[in-house]
Amino acid sequence: MRVIKVNENEANQRLDKFLMKYFNRAPKSFLYKMIRKKNIKYNGKRAKGNEILKVEDEIQVYLSEKTINKFRKLENITLVEPTFEVIYEDENVLIINKPLGLLTQPDAGGENTLSEEILTYLYNKGEYDPEKYQGFRPAPCNRLDRNTAGIVMVGKNMQSTQAIHHMLRTQEISKYYMSIVLGRVEKPLVLKGYHKKNHSRNEVEIVDSYVKGSQEVETRILPLQANGRYTLIEVQLVTGKTHQIRAHLATINHPIIGDPKYGDKEENEYFLRKYKLRHQFLCAYKIKFEMCTEPLGYLENKVFTVGAPPLYSQIFQEEGFLSL
């Protein structure tokens with residue numbers, strides 16, 4: 001028998017969710033079968049799987065060590081050189097500036113990712129040990145596309161991670177992006193519609209009315225500067241769906257410069273030729289903690305910003321915008 005004692009980084013999650021992380025090689029069906037057969041108990045009693053774990057709770061696993069080791073693999077850390085900039089850090093959260101070109105999560109390509117950089121950073125500081133963190137692994141709480149630079153939030157412990165995810169779901173953290181779009185945006189806009197994703201083409205469409213499989217979205221636009229042909233805008237992402245900003249702006253005939261999926265081909269060729277811009281001009285440059293869930297109450301009304309990447313600063317200057 002193995003006894004797993006719950007610590008603060010495993011608490012406040014369902015028992016079955018914890019078991020899926022702890023036995024990360026086991027099929028879900030196996031774990032639920034072990035619960036039903038009382039091979040896994042919770043505080044010495046029959047478990048259901050939906051119990052919310054508390055600090056000092058105990059999970060009794062009546063399996064051989066051979067079986068446990070078969071279904072459990074300790075997460076190794078691939079040590080990589082961090083390339084992000086730390087914007088803010090305390091014992092609960094890490095707020096960073098992700099550079100252009102860096103994937104947030106691993107894919108089949110095997111490239112270095114922001115997730116690996118974060119683990120390396122915390123491991124080197126002695127703040128993350130995979131041997132001790134049985135059901136928790138620090139990871140980005142908000143995801144940016146490879147070619148979107150800017151602010152990413154990380155919870156250093158389970159409670160803070162859950163708080164950030166809750167605040168993102170309930171729109172208690174406001175997220176702002178900067179972008180340059182084709183055409184002149186004359187006034188602030190509130191864009192609403194329904195987001196429909198084409199999975200086979202990895203593209204989305206924003207439509208005016210509900211269609212099967214679509215989700216309601218909202219994007220707010222604030223024009224900051226215009227040079228006659230282009231407008232520098234601030235975008236507040238109220239909902240956060242795949243390619244939402246890019247598709248919404250293209251729908252109103254103000255596509256983001258450089259955008260290979262939704263942009264204007266001739267404009268993209270100009271920016272590629274002059275600046276080597278091969279992707280959409282988009283940067284997640286500001287967040288504001290509006291209302292905060294504990295243990296992050298001390299962040300309420302705090303605002304964090306980052307500057308534009310060097311390529312974007314060059315475009316600002318040469319296209320006649322004030323640098324941001």
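The values are calculated or read from the model by the stated rules, or taken from the named source; none is laboratory data. Values in this document were obtained by computation on a predicted structure and should not be read as measured data. When we count neighbours, we look across all protein chains shown, and the Cβ atoms used for this are built from the backbone with ideal geometry, even at glycine.
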Output for the range 63-79, where each listed residue is in contact with a strand residue (DSSP E or B) (Cβ under 8 Å, 6 or more places away or on another chain) and surrounded by 13 or more Cβ atoms within 10 Å (Cβ to Cβ):
Leu63, Ile68
Condition check for Arg278: among the charged types (D, E, K, R), crowded, with 19+ Cβ neighbours inside 10 Å and either touching a residue at least 24 places away in the same chain (Cβ under 8 Å) or not in a helix (DSSP H, G or I) (or both):
no
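Identify all residues within the range 260-278 that are closer than 20 Å to Asn198 by Cβ and touching an Asp or Glu at 6+ places or on another chain (Cβ under 9 Å); write none if there are none. Let's see the steps before the verdict.
Step one: list which residues in the range 260-278 are closer than 20 Å to Asn198 by Cβ, which gives 260-263, 265.
Selection gives Lys261, Tyr262.
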Given (1) in contact with a Ser or Thr (Cβ under 7 Å, 6 or more places away or on another chain); (2) closer than 21 Å to Gly297 by Cα; (3) surrounded by fewer than 20 Cβ atoms within 10 Å (Cβ to Cβ), Ala163 misses just (3)
Subset of the range 8-34 that is under 18 Å from Arg137 (Cβ atoms) and of a type in the set (Lys, Arg) - its residue that is surrounded by the fewest Cβ atoms within 10 Å (Cβ to Cβ):
Arg25
Could you list, in sequence order, all residues of the range 296-311 that are at pLDDT 95 or above and either polar (S, T, N, Q) or buried (at least 16 other Cβ atoms within 10 Å of the Cβ) (or both)?
Leu296, Leu299, Asn301, Phe304, Thr305, Val306
Can you list residue pairs whose Cβ atoms sit under 8 Å apart, with the first residue in the range 198-211 being surrounded by fewer than 12 Cβ atoms within 10 Å (Cβ to Cβ) and the second being not hydroxyl-bearing (Ser, Thr, Tyr)? Count only pairs 6 or more apart in sequence or on different chains.
Asn198/Val204; Asn198/Glu205; Asp208/Gly193; Val211/Lys196
Tell me whether the range 251-264 contains one or more residues that are more than 21 Å from Leu144 (Cα to Cα) and of a type in the set (D, E, K, R).
yes
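Let's see how each residue does on (1) touching a Lys or Arg at 6+ places or on another chain (Cβ under 6 Å); (2) buried (at least 22 other Cβ atoms within 10 Å of the Cβ); (3) assigned by TED's automatic domain parsing to the domain that holds Thr305:
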site: Gln236; (1), (2), (3): yes, no, yes
site: Arg246; (1), (2), (3): no, yes, yes
site: Glu266; (1), (2), (3): no, no, yes
site: Glu269; (1), (2), (3): no, no, yes
site: Lys274; (1), (2), (3): no, no, yes
site: Cys283; (1), (2), (3): no, yes, yes
site: Lys286; (1), (2), (3): no, no, yes
Out of the residues in the range 142-180 that are part of a loop (DSSP other than H, G, I, E, B) and among the hydroxyl-bearing types (Ser, Thr, Tyr), which is farthest from the chain's Cα centre (by Cα)?
Thr170
What is the residue count in the range 121-141 for residues that are surrounded by 18 or more Cβ atoms within 10 Å (Cβ to Cβ), over 18 Å from the mean Cα position of the chain (by Cα) and modelled with pLDDT of 85 or more?
1
